[in-house]
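Reviewing the structure listed below.
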Amino acid sequence: MAIVRTEAFVLKAFRYGETSMIYRLLTRDRGVVPVIARGARSPRSRLGAAVNAFRRLDVTYYDKPGREIQTLSQAEVVSEHREIASSLEKLDVAGTWFRFLRSILPDGAPAEPLYALAAIALDRLERVAPASLFRWETYHRAAAAGLLGLAPRLEACMACERPLPDGRELAFSIEDGGLVCLACVPRLRPLTGPEYGILALYHHPDWKLLEELGDPDGDERRVQALVHSFVAYHADVLPHRDLRAG
Ligand SMILES: [Zn+2]
């Protein structure tokens, strides 16, 4: 049995028995690790007080190879996100994104880049304006998928390999995995210039530039729908629809 100390976020929490909790952790060093926190629901438990959704934690657990659930022994708060914790909308969107991470990441797979992304994404979510919450979720969904190799190709036509954009009409083919010349796949709806520009910001990630666009407009909403459909198709997960977008 080894003692592992690493950083982690809680992806999911379940009650277990009278006073315990089982947490599915996204750890920096070991990917997804399920742990049991014995007594975490008793009022004086330090573990129970520290472990909470969307907190960045310093955790120590006993790792026994072959065991499905490891035993959490200590947890300290590295940073908490008060703005997220106090906003139902932010909690909702952060929860949606964490569920997505959980759905694409097998237990035990290395996840250091995803952990780093989660840390930076939650820091950004603290400051995101209400109108841009779906942008936050879509952008970071594309970023997480990209880290797992599920990014669309935007530099050349998926059908004829011609470098793009080249001034001709373009389209985005979810099934083919990226940009195509409209002439190559004429059944698709053409992408407008603004849509192409926004699509590039989502997939060659530049959060700062995206934020400078101001509140999302119709072009961006259409791009968000494409991004969600692309990730859902290639990561084999259900797309998340923004019901409030109208
Ligand atoms: Zn082509």
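The values are calculated or read from the model by the stated rules, or taken from the named source; none is laboratory data. All values reported here derive from a predicted model rather than from experimental measurement. Neighbour counts are summed over all protein chains in view; Cβ atoms, including those assigned to glycine, are modelled from backbone coordinates with ideal geometry. These accessible areas exclude ligands, DNA and RNA; they are computed on the full protein's heavy atoms, side chains included. Shrake-Rupley method; radii C 1.70, N 1.55, O 1.52, S 1.80 Å.
The table for this structure:
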{"item": "Pairs with Cβ under 7 Å, 6+ apart, first in the stretch 188-201 and farther than 10 Å from Val223 by Cα, second modelled with pLDDT of 95 or more and of a type in the set (S, T, N, Q)", "result": "Leu188/Ser173"}
{"item": "Wholly enclosed helices (runs of 4 or more DSSP H) of the stretch 73-151 bearing at least 2 residues under 10 Å from the mean Cα position of the chain (by Cα) and free of Cβ contacts under 8 Å to residues at least 60 places away in the same chain", "result": "88-104, 112-127, 133-147"}
{"item": "Leading residue by the ranking (nearest to Phe230 (Cα to Cα)) among those in the stretch 160-171 that are of a type in the set (A, V, I, L, M, F, W, C) and at pLDDT 95 or above", "result": "Ala171"}
{"item": "Glu220 being away from the ligand (no atom under 16 Å from the Cβ), more than 29 Å from Ala109 (Cβ to Cβ) and at pLDDT 95 or above", "result": "yes"}
{"item": "Cβ pairs under 9 Å, 6+ apart, first in the stretch 160-181 and closer than 18 Å to His204 by Cα and near the ligand (Cβ under 9 Å from one of its atoms), second among the acidic types (Asp, Glu) and part of a loop (DSSP other than H, G, I, E, B)", "result": "Leu164/Glu155; Leu179/Glu155"}
{"item": "His204 being more than 16 Å from the ligand (Cβ to nearest atom) and open to solvent by 60 Å² or more (accessible area, probe 1.4 Å)", "result": "yes"}
{"item": "Restricting the stretch 149-159 to residues that are closer than 17 Å to Val223 by Cα and among the aliphatic types (A, V, I, L, M), the residue that is farthest from the ligand (Cβ to nearest atom)", "result": "Leu150"}
